[in-house]
Ligand code: 13P
């Protein structure tokens with residue numbers, strides 16, 4: 001492992017105005033997204049859709065990295081240029097999702113643990129050959145009314161994240177460490193803060209035990225936010241302040257960047273929250289985005305699988321990237337949604 005190289009990749013991903021486009025939907029997830037716009041999930045449609053994303057004019061100003069799925073890392077543009085090569089040529093760093101999904105954790109009803117460690121060293125070596133410079137692994141933590149997540153569920157996920165991160169650094173790939181506390185459920189923002197704190201505390205303790213170098217990784221957490229079914233939704237400022245407070249307590253300053261997931265927030269809310277956090281002033285780490293749905297929902301809605309809508313779809317992507325780029329500096333206001 002060359003720590004200087006890891007650091008420079010991590011820093012480039014969260015350079016000024018920049019964040020991450022998460023386009024790493026697994027085959028079942030992209031099928032769900034395509035179903036919502038009545039597009040069949042064939043290999044060619046998936047390829048074409050990703051090509052529309054990756055060739056959109058101007059996004060390289062705001063997108064430092066793109067997370068790809070295994071199939072996409074191996075696909076090419078119409079002209080035969082492999083996607084990782086296309087992205088790298090535009091100054092966008094290609095990354096790869098390497099987890100194999102969350103499964104029920106044995107003997108812990110309701111908890112899940114993410115699989116994919118077996119054979120990971122060999123897969124990482126191949127991904128590196130194919131052009132990936134960073135990786136992603138997502139742990140899923142669900143909150144319920146009473147006993148979820150269990151303390152052991154948190155520990156098992158933190159352990160898997162740390163083993164993954166250590167393997168990535170060994171292979172010379174920057175690990176994006178993603179412990180996602182889900183926003184499903186009726187819990188308030190207070191409960192989300194307590195659980196997020198427990199999760200981050202456990203994750204950084206395990207990363208440290210596993211000798212992961214914090215300077216050569218990125219953290220992809222949830223924002224601290226009320227559950228979707230909660231009757232008491234916190235305001236934008238409260239979400240920003242609670243999230244930053246929680247992260248400052250548990251995320252070492254050596255971590256170069258925090259790239260939030262959107263987790264089911266609307267595109268506008270995700271941008272608003274990111275903006276409010278950056279408007280609070282300088283933080284120990286870069287505070288940026290690694291959005292999937294919050295960048296892509298407007299693109300899918302504009303495209304609807306039709307070639308005549310490709311330009312509109314690409315404009316929709318550029319708009320979201322640009323507004324999130326402004327939110328990186330605390331320069332976004334909602335009125336820009338209409339103007340843009
Ligand atoms: P969302 O922004 O849609 O939550 O997706 C981000 C992601 O990569 C989840 O793993």
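Coordinate-derived values only; no laboratory data. Predicted, not measured: the structure shown is a model, and the values here were computed from it. Cβ atoms come from the backbone with ideal geometry, glycine included; neighbour counts cover every protein chain shown.
For residue 336, put the label point 7 Å out on the Cα→Cβ axis and report which residues of the range 50-75 keep their amide N under 17 Å from it.
Under cut-off, by backbone N: 58-64.
If you average the alpha carbon positions of the range 264-307 and of the range 193-263, how far apart do those two centres end up, in angstrom?
Here the answer is 16 Å between Cα centres.
Using the beta-carbon distance between residue 201 and residue 36 and R0 = 45 Å, what value does 1/(1 + (r/R0)^6) give for FRET efficiency, to the nearest 0.05?
Details: r = 37 Å, r/R0 = 0.82.
Efficiency computed from Cβ-Cβ geometry: 0.75.
Each label point is 7 Å from the Cα along the Cα-to-Cβ direction; what then is the distance between the points at residue 145 and residue 266, in nm?
Each label point is offset 7 Å from its Cα along the Cβ direction, giving 2.9 nm.
Anyone know which of 284, 149, 109 comes out most mobile in the 10 Å Cα GNM of the chain?
Result: 109 has the largest fluctuation of those listed.
Given R₀ = 30 Å, FRET efficiency for residue 283-residue 232 by Cβ-Cβ distance, to 0.05?
Rounded to the nearest 0.05, the efficiency is 0.65.
Relative contact order for the range 3-339: what percent, with Cα pairs under 8 Å and sequence separation of 6 or more? Walk me through the numbers on the way to the answer.
Details: 692 pairs, mean separation 63.0, N = 337.
Relative contact order for the range 3-339 comes out at 19 percent.
Give the calculated FRET efficiency between residue 194 and residue 3 to the nearest 0.05, with a Förster radius of 41 Å applied to their Cβ-Cβ distance. All intermediate terms of the calculation are to be shown ahead of the outcome.
Values: r = 34 Å, r/R0 = 0.82.
Here the calculated transfer efficiency is 0.75.
Please work out the ratio of the alpha-carbon Rg of the chain to 2.2 N^0.38 Å and round it to two decimals.
Rounded to two decimals, the normalised Rg is 0.93.
Rounded to the nearest 5, what % of DSSP beta bridges with both residues in the chain are antiparallel?
Antiparallel bridges make up about 10 percent of those DSSP assigns within the chain.
For residue 77 and residue 122 in the same chain, what is the full-extension length gain: residue separation times 0.36 nm, less their Cα-Cα distance, in nm?
This chain segment gains 13.5 nm when fully extended.
Ranked from highest to lowest mean number of other Cβ atoms within 10 Å per residue, what is the order of the peptides 132-138, 232-238?
132-138, 232-238
Packing-wise, with mean Cβ within 10 Å as the measure, how do 85-91, 156-162 rank, highest first? Walk me through the numbers before you get to the answer.
Working: 85-91: 15.3, 156-162: 23.3.
Answer by packing, highest mean first, reads 156-162, 85-91.
Going by average Cβ density within 10 Å per residue, which order do the peptides 92-102, 201-211 take, highest to lowest?
92-102, 201-211
Sticking with the crude label model, points 7 Å out along Cα→Cβ, report the distance from residue 27 to residue 90 in nm, one decimal please.
The modelled label-to-label distance comes out at 2.6 nm.
Working from the alpha-carbon coordinates of the range 45-131, get Rg over Rh, Rh being the Kirkwood radius.
Result for the range 45-131 is an Rg/Rh of 1.08.
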